[in-house]
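In what follows, a structure is listed as structure tokens, so that the remarks can point back to it.
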Amino acid sequence: MSVERIVDVAVEILAQGSVDSLTTREIARRLSISQPTLYSHVSGLDEIRSLAAIRGVAELSGRVRAAVRGLTGDVALVAMARAYRGYVREHPALYMLQQRAPWPPEFQEQGLAAAEPVRGVLRTYGLTEAQVVHVHLVFRTSIHGFVDQEINDAISDVADPDTSFEYFLAILAAGIRSLVSDPDRG
């Protein structure tokens, strides 16, 4: 038994259900151990959630890094957004856990590392460093809004979410390009 194995099982549970399906009772059951034995390896569910979220952030970041390698500007932005969306579609519960898990320093460190490929793409537009910080927040919150709506079936009125996503990307890219001509903004 190892903490890594406990996190593996937690991720498996998330892959088969929702964030709420992740319980210490279910983890212990799947590992064929008692809950007290589980607690001899981890402090509780919050630690397990944090560790699973850290793994998820690292996986998402790795996917984004791979998608944008060697790309710049709009091509990189589109590849990055598609990688992000693809990850969320494949791992909706693990992604949602990342949004609400307890955030120890290790999670925050992983989040900062995950921000770098996004900011790297934004820098290829020629934005100032201050603009990069703001646009990164806009990218993160807007794409989160889209994928959150999508995985929670909140866009059922849209016949083709893929086309809507392409509109989203076109609007975002145009907005970013417009900032380059206005360096005083941001």
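The values are calculated or read from the model by the stated rules, or taken from the named source; none is laboratory data. All values derive from a computational prediction rather than experimental measurement. Note: ideal-geometry Cβ built from the backbone for every residue, glycine included; neighbour counts use all protein chains shown. Note: accessible area is taken over every heavy atom of the protein model, side chains too, but ligands, DNA and RNA are not part of it. Shrake-Rupley method; radii C 1.70, N 1.55, O 1.52, S 1.80 Å.
Residues in the range 92-106 that are of a type outside the set (Gly, Ala, Ser) and within 12 Å of the chain's Cα centre (by Cα): 8 in all. In the set (1) in contact (Cβ under 8 Å) with a residue 40 or more places away in the chain; (2) open to solvent by 80 Å² or more (accessible area, probe 1.4 Å); (3) in contact with a Pro (Cβ under 9 Å, 6 or more places away or on another chain), the condition left unmet by GLU150 is number (2). What about TYR125, is it among the hydroxyl-bearing types (Ser, Thr, Tyr), open to solvent by less than 60 Å² (accessible area, probe 1.4 Å) and within 10 Å of the chain's Cα centre (by Cα)? Taking the combined requirement at face value, the residue does not satisfy it. Can you find even one residue in the range 91-99 that is within 18 Å of SER18 (Cα to Cα), without any contact (Cβ under 8 Å) to a residue 60 or more places away in the chain and open to solvent by less than 20 Å² (accessible area, probe 1.4 Å)? Looking for residues that are within 18 Å of SER18 (Cα to Cα), without any contact (Cβ under 8 Å) to a residue 60 or more places away in the chain and open to solvent by less than 20 Å² (accessible area, probe 1.4 Å), one finds at least one in the range 91-99, hence yes. Residues in the range 10-33 that are β-branched (Val, Ile, Thr) and under 11 Å from LEU51 (Cβ atoms): VAL11 alone.
Within the range 102-119, can one find any residue that is closer than 30 Å to ILE13 by Cβ, of a type in the set (D, E, K, R) and modelled with pLDDT under 90? So far as the range 102-119 goes, yes, one or more of its residues are closer than 30 Å to ILE13 by Cβ, of a type in the set (D, E, K, R) and modelled with pLDDT under 90. Of the residues making up the range 157-186, those that are surrounded by 12 or more Cβ atoms within 10 Å (Cβ to Cβ), closer than 18 Å to ALA81 by Cβ, at pLDDT 80 or above and not charged (D, E, K, R) are PRO161, SER164, PHE165, PHE168, LEU169, ALA170, LEU172, ALA173, GLY175, ILE176, LEU179. Filtering the range 38-83 to residues that are of a type outside the set (Ser, Thr, Tyr), under 30 Å from ALA170 (Cβ atoms) and more than 19 Å from the chain's Cα centre (by Cα) leaves GLY70, LEU71, GLY73, ASP74, VAL75.
Considered as a group, the residues in the range 5-44 that are touching a residue at least 24 places away in the same chain (Cβ under 8 Å), over 17 Å from MET96 (Cβ atoms) and polar (S, T, N, Q) include one that is least open to solvent (accessible area, probe 1.4 Å), and that residue is THR24. Taken together, the criteria place LEU60 among residues that are assigned to a helix (DSSP H, G or I), within 12 Å of PRO117 (Cβ to Cβ), modelled with pLDDT under 95 and not small (Gly, Ala, Ser).
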